[in-house]
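Handing you a structure now.
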Amino acid sequence: MVTLSDALDAEVARFPTKRLADSAQALIHRYRTGVDPATLVLDAEVTAAAYAAYRMPATHAAVTAALTEVAARAPDFAPTTHVDIGGGTGAAVWAARGVWPSLADITVLDQSTQAMDLGRRLADRADDPAIRRVRWQRTALGATRLPPADVATLSYVLSELTDAARADTVRAMTSATLAVVVEPGTPAGYERIMAARDELTAAGMHIVAPCPHSTTCPIPRGQDWCHFAARLGRSPLHQRLKTAVLNFEDEKFSYVAACREPWPAAPARIVRHPLKRKGMVSLRLCGPDGLADTIVSKRDPAAYRAARDTDWGDPWP
Ligand SMILES: C[S@@+](CC[C@H](N)C(=O)[O-])C[C@H]1O[C@@H](n2cnc3c(N)ncnc32)[C@H](O)[C@@H]1O
């Protein structure tokens, strides 16, 4: 099976590593200093390639992790149509197909032809026919009408939009059965997720994940932020571009998923690394009644065994 990592290695190999690394550094600088919504970031072939080589494995891992949690809430959900908004080089397409093999009709909307050209070339290398068939449509986001879709994704895009375009884009996603927004797991990314969550619930959608409820987020604003981590392996190219020693990294992300009809919610979600000590596990949980710390001890052997196997981001129990 051709993985995204295989396709990336083959596709970006035509650029010298030094050129990719320089472009990646310039991109990081642009993202760190804030993107002007009036400009096109992925405006050249090499910039799109640098984005794909440097960031796409991580955005793919984050979206996969978010969608996996969402899919676990409704194992019978078998979507066939997907629109990926601001999809760029197609990370969320590969992620969604990995989670829902039923997806057959997929559209990517983006303003960057350079990003979508690379996305199409990566997709051409997939042995998955649904990925090879993706429609890539040049679109400027804002008051955009989306094609009818069972799943709409918007990953790592909001910070590049004006406030008005953010609200309009998220509102447009409420036409989908399931809308999923993913952002970097930073305080600013979490704030954008909270604003998107408000738009989705105001339009009558129900939160599927990560929150086990659709009421107000209990996390004290300005003091903490809800985020999770997805571990991904680094390919040798990824490692070289990052001048990294470790062959893996943890991508921190925040997300919200909402659907038109209520799905069974998780009873609670683990919102910190579980603390596993001898004979006990401490869990920080977000539940319908707010945040709570709970200790699961060996005195309840079944719960203790389950708690030992938990991870940050998992539902509990
Ligand atoms: C950081 S990239 C994320 C790409 C992809 N969603 C991912 O998760 O890897 C942001 C994408 O949003 C697109 N974008 C930003 N502003 C846009 C706008 N106003 N209209 C359409 N696309 C836009 C960019 O071209 C770029 O492909």
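The values are calculated or read from the model by the stated rules, or taken from the named source; none is laboratory data. Everything numeric here is computed off the predicted structure, so don't read it as measured data. No Cβ is skipped: glycine too gets one built from the backbone with ideal geometry, and neighbour counts run over all protein chains shown. Side chains included, ligands, DNA and RNA excluded: accessible areas come from the protein's heavy atoms. Shrake-Rupley method; radii C 1.70, N 1.55, O 1.52, S 1.80 Å.
Go through the residues of the range 157-171 one by one and say whether even a single one is outside any helix (DSSP H, G or I), open to solvent by less than 30 Å² (accessible area, probe 1.4 Å) and near the ligand (Cβ under 10 Å from one of its atoms).
yes
How about the range 207-234: which of its residues are part of a strand (DSSP E or B) and crowded, with 17+ Cβ neighbours inside 10 Å?
207, 208, 209, 228, 229, 230, 232
Going by what's in this entry, would residue 204 be described as in the same structural domain as residue 66 (by TED's automatic domain parsing), open to solvent by 50 Å² or more (accessible area, probe 1.4 Å), out of contact with any helix residue (DSSP H, G or I) (no Cβ under 6 Å at 6 or more places or on another chain) and over 30 Å from residue 25 (Cβ atoms)?
no
Go through the range 129-146 and report how many residues are touching a residue at least 40 places away in the same chain (Cβ under 8 Å) and either under 18 Å from residue 259 (Cβ atoms) or more than 16 Å from the ligand (Cβ to nearest atom) (or both).
Residues meeting the conditions: 1.
Can you name the strands (runs of 3 or more DSSP E) wholly within the range 258-301 that have at least 1 residues being surrounded by fewer than 18 Cβ atoms within 10 Å (Cβ to Cβ)?
Where strands (runs of 3 or more DSSP E) fall fully within the range 258-301 and carry at least 1 residues being surrounded by fewer than 18 Cβ atoms within 10 Å (Cβ to Cβ), they are 275-277, 280-287, 290-297.
Please find, within the range 172-194, the residue that is surrounded by the most Cβ atoms within 10 Å (Cβ to Cβ) out of those that are charged (D, E, K, R) and either away from the ligand (no atom under 14 Å from the Cβ) or under 13 Å from residue 66 (Cα atoms) (or both).
183
Take residue 143 and decide whether it is in a loop (DSSP other than H, G, I, E, B) and more than 25 Å from residue 75 (Cα to Cα).
Yes, satisfied.
While we're here: Just wondering, is there one or more residues in the range 119-132 that are touching an Asp or Glu at 6+ places or on another chain (Cβ under 6 Å) and either under 17 Å from residue 160 (Cβ atoms) or open to solvent by less than 10 Å² (accessible area, probe 1.4 Å) (or both)?
Scanning the range 119-132, I find at least one residue that is touching an Asp or Glu at 6+ places or on another chain (Cβ under 6 Å) and either under 17 Å from residue 160 (Cβ atoms) or open to solvent by less than 10 Å² (accessible area, probe 1.4 Å) (or both), so the answer is yes.
When residue 197 is evaluated against the numbered criteria (1) over 30 Å from residue 302 (Cβ atoms); (2) modelled with pLDDT of 90 or more; (3) basic (Lys, Arg); (4) open to solvent by 20 Å² or more (accessible area, probe 1.4 Å), which criterion, by number, is the only one it fails?
Looking at each condition in turn, residue 197 falls short on (4).
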